[in-house]
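Participant: One structure coming up, written as structure tokens, with questions to follow.
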Amino acid sequence: MLKFQNKLALVTGSGTGIGKAIATKFIEEGASVVILGRRQAPLEEAAKELEGKIPRDSNATVRIFAGVDVADEGAINSMFDTLKNENITLDYIINNAGVSGPVTCFANSPLDEFKSTIAIHLTGTFWGSVQALKVMKEGAKIITISTFFTEERPLEQRPYRFRSPYTASQGAKNRLAELMSWELTDKGIISIATNPGPVHSDRIYKTVYPKAAAEFVRVGGFEDMTPVEVEEAKDDLLECILADGMDKEGIAKTAEKLADGKDVAKLTETFTNLLTKIQTIAEKVQSNTSHMIANQEFLSQTQVAESVLNLCDDEIAKIINGKVIPGDRVFYPVKAHIGTAAPGVHQPDFGGKAVVFTIDATDKTDADRVEFLAGHIEKNGGKIACFISQSTPANLQDQISGKFHSHVVDITSPEEVAKWLNTAKTNIGEILGVIHVTGKLPEVGKLTELNRARWEELVAKFISTPATVAQGALEQFVPGGGKDPRLFKDKSGSIMIVGPDLPIGRKVTGTQRAQAEVFRGALRPFTTTVNQELSDVLKSKIRLFTIFPGSVTGAEPNNERIAEAFNFLVSDSSASSSEVIFCVDESR
């Protein structure tokens, strides 16, 4: 009997690429597979190929669910309800579906694309796993494929410039895989994540590397083209990259399309030179990555598939349940992006300067924290404006607004954030810093038992809203900087995200810690990625810091340490610090 005969595996995003390779390996080992994706044509082609590889007498089958976007709640619900109604039992779900997402500096990243990337990678993984529980029994396995550009170790970060939504969702996925192992123990279901690292794929060679190269060009400049002109041309030009060269006719058509009164022949020459430079940079990025691998070889998609099937082995899976397997093999130099207490500095005089709070408080201790921090700034001469989320309980709104100039606003809206930051600047002066308080993670029982709406509220609270506020602050500090990155050079400004906290108490469970870590796991790589762009790419003195209160021992957070971290953040020394995340209550 073949190793996986009479087993059933569901592989998301399996019409092409790694997903298809995983489905192929399952078929070759005798398993039946369910393949799904957004596009029907690739799925039908993949199914035909898979059916041709079914071993004789294995009884394996291939089933398609086309038009299924993992971010689409209705499509996922319908698929698993269909399987349940047919009394089908699933042995494995492989969370593989993903997209590149926007490949650009965070300041230039459209927030709708940011949220879409999170929805596919993180929410798609969460909701697909939760719905799969309907058709899983004891011994079933959830395997989540993540990326090597997030965390190498719990206290190390790998920034991945131009990929902030991608890294945020991948960091959270790693921690989600760990969390599910805690929450699904009573069901006997195993959860493992794996980070395969660089893999031979068209998406890397034709999309990610060239888009990253185009972003380097947009930021660094090219001939007489403005950043906006590079942005307008790059997507069409990237379509002109061929396996054996460049599509010269396509370049000429792009020049005609964007000429706008310019000499088409000269613009065609400029675009040809631009695409040549993009290709050169993309090849250099690829080469640099390969030289961080011992044998300088990226994995093949088949090798990734083999590693996934190894994780599905009953005995191996029991041993590594709840682990994130760092299979990337990349030796990536990592700075110390995470610290404990922020370096001490002389108390700044905030005289006449404005500090804006955006607040999404969960309980009274969050409001008390805002009161303490705002009081600290006022005591040292600063002016305060508080913008409180509509989801903050009314009694907490009253507590804050009773002591500081406050408005209740929709801080999930980029337009509202921009409007109120402008109002603060007009009414109380130049903004020194923006402090966003996420609030604590509400008591939720089990994340895996939440309905979809409640899960999305948490994703918005701890990922999308901090990103919205951060981008609004960047635009406030450097108006127009998203479109023209040259404007960021030497500009100053400070953004500090505070939270979510680790749970407090002597009897904190592993599950409770793991729940908070899902969202902290998103903010860590997000913070380090944005700061790498600001410092290394944009040559800016603006910094985004994240403060994580609480400790693994369950000790009470100390708000004084957060105030000291803000003092450091607005000091000149913060611009040269590689530490941008501070776990202020930890001593390790």
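Read-outs: derived from the displayed coordinates by stated rules, not from any lab. Since we're looking at a predicted model, the values are computed, not measured. A quick note on method: Cβ atoms are made from the backbone with ideal geometry, for glycine too, and the neighbour counts reach across all protein chains shown.
Participant: Can you give the direction-averaged projected area of the convex hull of the alpha-carbon atoms in region 99-179, in nm²? Can you show the working numbers first?
Facilitator: Details: hull surface 23.8 nm².
Reported value for the Cα convex hull: 5.9 nm².
Participant: Another one. Could you work out the equivalent-ellipsoid semi-axes for region 203-290, taking the square root of 5 times each eigenvalue of the Cα gyration tensor, largest first, in whole Å? Write out the running numbers ahead of the final one.
Facilitator: Details: eigenvalues 96, 40, 19 Å².
Calculated on Cα positions only, the semi-axes equal 22, 14, 10 Å.
Participant: List, in order, the whole-Hz ³J(HN,Hα) value for each residue of region 484-491 obtained from phi through the Karplus relation with A = 6.51, B = -1.76, C = 1.60 and θ = phi - 60°; use x for Gly and Pro.
Facilitator: Per residue, the Karplus-derived 3J(HN,Hα) values read 10, x, 4, 6, 6, 4, 6, 6 Hz.
Participant: Treat the count of other C-beta atoms within 10 Å as a stand-in for reagent exposure and order GLU297, GLU315, GLU215, GLU156 from fewest to most.
Facilitator: Numbers: GLU297 12, GLU315 6, GLU215 27, GLU156 16.
The order, fewest Cβ neighbours first, is GLU315, GLU297, GLU156, GLU215.
Participant: Could you put MET496, MET180, MET246, MET136 in order, starting from the residue whose Cβ has the fewest other Cβ atoms within 10 Å?
Facilitator: Details: MET496 26, MET180 29, MET246 16, MET136 23.
So the ranking, lowest neighbour count to highest, is MET246, MET136, MET496, MET180.
Participant: To the nearest 500 deg cm²/dmol, what mean residue ellipticity at 222 nm is calculated for the chain from DSSP H runs of n ≥ 4 alone, each contributing -39,500 (n - 2.57), summed and divided by the residues? Let's see the in-between values first.
Facilitator: On the way: 19 runs with 248 residues, N = 588.
Calculated mean residue ellipticity at 222 nm is -13500 deg cm²/dmol.
Participant: Related question: With the crude spin-label approximation of a point 7 Å out along Cα→Cβ, what separation in nm comes out for ALA341 versus ARG39?
Facilitator: Computed distance between label sites ALA341 and ARG39 equals 5.6 nm.
Participant: Could you work out how much longer the chain between LEU258 and ASP224 gets when fully extended? Use 0.36 nm per residue separation minus the Cα distance between them, nm to one decimal. Walk me through the numbers on the way to the answer.
Facilitator: Details: separation 34, 0.36 × 34 = 12.24 nm, distance 1.49 nm.
My answer for the length gained is 10.8 nm.
Participant: Contour minus end-to-end for LYS491 and GLU378, with contour as 0.36 nm per residue of separation and end-to-end as the Cα-Cα distance? The partial results should precede the final answer.
Facilitator: On the way: separation 113, 0.36 × 113 = 40.68 nm, distance 2.45 nm.
Difference between extended and current length: 38.2 nm.
Participant: Continuing with this model, one more query. With no solvent and one equal point scatterer per Cα, compute the Debye intensity ratio I(q)/I(0) for the chain at 0.08, 0.12 Å⁻¹ and report its log10, rounded to two decimals.
Facilitator: One equal scatterer on each Cα of the chain leads to -0.58, -1.22.
Participant: Quick one: which of LYS173/LYS491; LYS7/LYS84; LYS379/LYS489; LYS173/LYS206; LYS84/LYS206; LYS20/LYS335 span more than 27 angstrom between C-alpha atoms? Before the final figure, lay out the partial values.
Facilitator: Details: LYS173/LYS491 34 Å; LYS7/LYS84 16 Å; LYS379/LYS489 32 Å; LYS173/LYS206 25 Å; LYS84/LYS206 39 Å; LYS20/LYS335 36 Å.
Beyond 27 Å: LYS173/LYS491; LYS379/LYS489; LYS84/LYS206; LYS20/LYS335.
Participant: Using a 7 Å offset from Cα along Cα-Cβ at ALA555, what residues in region 342-386 end up with backbone N under 15 Å from the label point?
Facilitator: 342
Participant: Tell me, what ³J(HN,Hα) does each residue in region 165-182 have, in order and in whole Hz, if you take phi through Karplus 6.51 cos²θ - 1.76 cosθ + 1.60 with θ = phi - 60° and put x for Gly and Pro?
Facilitator: Going residue by residue, I get x, 5, 5, 4, 5, 5, x, 5, 4, 4, 6, 5, 4, 5, 4, 5, 5, 6 Hz, with x marking Gly and Pro.
Participant: Cα extents of region 148-254 along the three principal axes, largest first, in whole Å?
Facilitator: If we take the Cα atoms of region 148-254, the spans are 62, 27, 18 Å.
Participant: While we're here: Can you pull the semi-axes for region 1-117, root of five times each eigenvalue of the Cα gyration tensor, sorted largest first, whole Å?
Facilitator: Numbers: eigenvalues 176, 51, 27 Å².
Semi-axes (√(5λ), whole Å): 30, 16, 12.
Participant: Taking amide hydrogens as modeled 1.01 Å from N in the peptide plane, which residues meet the under 5 Å criterion relative to ILE325, leaving out close sequence neighbours?
Facilitator: Here ALA193, THR194, ASN195 satisfy the definition.
Participant: Rounded to the nearest 0.05, what FRET efficiency is calculated for ASN427 and ASN59 with R0 set to 60 Å and r the Cβ-Cβ distance? Kindly include the intermediate steps, with their values, before the conclusion.
Facilitator: Details: r = 73 Å, r/R0 = 1.21.
The pair ASN427/ASN59 has a calculated efficiency of 0.25.
Participant: At HIS405 and ASP368, where each label point lies 7 Å from the Cα along Cα→Cβ, what is the point-to-point distance in nanometres?
Facilitator: Label at HIS405, label at ASP368, 2.8 nm between them.
Participant: Then there is this: Give me the extension gain from ASP235 to GLU269: residue separation times 0.36 nm, minus the current Cα-Cα distance, reported in nm with one decimal.
Facilitator: Details: separation 34, 0.36 × 34 = 12.24 nm, distance 1.71 nm.
Extra length from ASP235 to GLU269 when fully extended: 10.5 nm.
Participant: Continuing with this model, one more query. Over region 203-290, what is the relative contact order in percent, taking alpha-carbon pairs closer than 8 angstrom and at least six residues apart? Provide the component values of the computation, followed by the final result.
Facilitator: Values: 64 pairs, mean separation 30.9, N = 88.
The normalised contact order for region 203-290 reaches 35 percent.
Participant: What nm distance separates the two modelled labels at ASP81 and LYS134, each placed 7 Å from Cα along Cα→Cβ?
Facilitator: 0.7
Participant: So how do ASP501, ASP263 line up by other beta-carbon neighbours within 10 Å, fewest first? Working shown, then result.
Facilitator: Values: ASP501 24, ASP263 11.
Lowest count first: ASP263, ASP501.
Participant: Apply the Karplus curve 6.51 cos²θ - 1.76 cosθ + 1.60, θ = phi - 60°, to the phi angles in region 404-421 and return the couplings in whole Hz, x for Gly and Pro.
Facilitator: Each residue of region 404-421 in turn: 9, 4, 9, 9, 8, 9, 8, 7, 7, 9, x, 5, 5, 4, 4, 4, 6, 5 Hz.
Participant: Next question, about the same structure. Please name whichever of VAL219, THR207, VAL285 sits farthest to the positive end of the charge dipole of region 203-290, dipole taken about the Cα centre and charges placed at Cβ: Lys and Arg +1, Asp and Glu -1.
Facilitator: My answer, from the dipole projection, is VAL285.
Participant: Please report the spacing between the Cα centers of region 92-149 and region 11-82 in Å, no decimals.
Facilitator: 17
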